[in-house]
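Engineer: Starting off with a structure, shown below.
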Amino acid sequence: MNKPVRVILVDEAKNTFEKLNENVGSQKSGNSFDAQLLKSIQGKVELIKNNPFYGDNIKKERIPKEYKGKVQNLWRIELNNFWRMLYTIRGDEIEIICFILKVCNHKEYNKMFGYK
């Protein structure tokens, strides 16, 4: 029996998603950067719902300090235009919940992980 998977955007990811949604809603063209990024996020959320382990697992020692002690695992997915989405997986006997923690550009992602 497969457990149902829920995906919940929280904190910064929720704010970013809402802002993108608002920006896209106020634009006449659906080909803007925001529209492409929003579509990319929505597509990846669907992939996570089908397979919570879709992303790249980040080694525990590489988890940024802002998430240490708060998450047991961290996953990364590449989005359009070199953006990244970070999420964690939690589950119990009934369901699996994936919390999308952050959606960020490549520069911010590199800074979080100490890459140059």
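The values are calculated or read from the model by the stated rules, or taken from the named source; none is laboratory data. What you see is a predicted model; the values in this text were computed from it and never measured. When we count neighbours, we look across all protein chains shown, and the Cβ atoms used for this are built from the backbone with ideal geometry, even at glycine.
Engineer: For GLY69, which of the numbered conditions (1) farther than 21 Å from TYR115 by Cβ; (2) surrounded by 13 or more Cβ atoms within 10 Å (Cβ to Cβ) fails to hold?
Structural biologist: Unmet condition: (2).
Engineer: Answer yes if at least one residue in the range 84-102 is under 30 Å from ASN2 (Cα atoms), part of a loop (DSSP other than H, G, I, E, B), of a type outside the set (D, E, K, R) and modelled with pLDDT under 95, and no otherwise.
Structural biologist: yes
Engineer: With respect to the numbered conditions (1) small (Gly, Ala, Ser); (2) in a helix (DSSP H, G or I); (3) modelled with pLDDT under 95, which one is the sole condition not fulfilled by GLY69?
Structural biologist: If we test GLY69 against (1) small (Gly, Ala, Ser); (2) in a helix (DSSP H, G or I); (3) modelled with pLDDT under 95, just (2) comes out false.
Engineer: How many residues are within 14 Å of LEU74 (Cβ to Cβ) and touching a Pro at 6+ places or on another chain (Cβ under 6 Å) if we restrict to the range 91-116?
Structural biologist: The number of residues fulfilling the criteria is 2.
Engineer: Pick out the one residue from PRO52, PRO64 that is in contact (Cβ under 8 Å) with a residue 12 or more places away in the chain, part of a loop (DSSP other than H, G, I, E, B) and in contact with a strand residue (DSSP E or B) (Cβ under 6 Å, 6 or more places away or on another chain).
Structural biologist: Sole residue among the options that is in contact (Cβ under 8 Å) with a residue 12 or more places away in the chain, part of a loop (DSSP other than H, G, I, E, B) and in contact with a strand residue (DSSP E or B) (Cβ under 6 Å, 6 or more places away or on another chain): PRO52.
Engineer: Which ones in the range 72-83 are in a strand (DSSP E or B) and surrounded by fewer than 16 Cβ atoms within 10 Å (Cβ to Cβ)?
Structural biologist: Matches in the range 72-83: GLU78 only.
Engineer: Could you list, ordered by first residue, the pairs with Cβ atoms under 8 Å in which the first is in the range 18-41 and under 17 Å from LEU79 (Cα atoms) and among the charged types (D, E, K, R) and the second is in a helix (DSSP H, G or I) and at pLDDT 90 or above, at least 6 apart or interchain?
Structural biologist: Between residues of the range 18-41 that are under 17 Å from LEU79 (Cα atoms) and among the charged types (D, E, K, R) and residues that are in a helix (DSSP H, G or I) and at pLDDT 90 or above, the close pairs are ASP34/LEU20; LYS39/ASN80.
Engineer: Can you go through LEU47, LEU20 and tell me which one is surrounded by 15 or more Cβ atoms within 10 Å (Cβ to Cβ) and part of a helix (DSSP H, G or I)?
Structural biologist: Going through LEU47, LEU20 in turn, just one is surrounded by 15 or more Cβ atoms within 10 Å (Cβ to Cβ) and part of a helix (DSSP H, G or I): LEU20.
Engineer: Continuing with the same structure: Within the range 57-116, which residues are among the β-branched types (Val, Ile, Thr) and farther than 16 Å from ASP11 by Cα?
Structural biologist: Hits for the range 57-116 are ILE58, ILE63, ILE77, ILE94, ILE96.
Engineer: Among the residues of the range 38-55, count how many are of a type in the set (Phe, Trp, Tyr) and touching a Lys or Arg at 6+ places or on another chain (Cβ under 9 Å).
Structural biologist: 1
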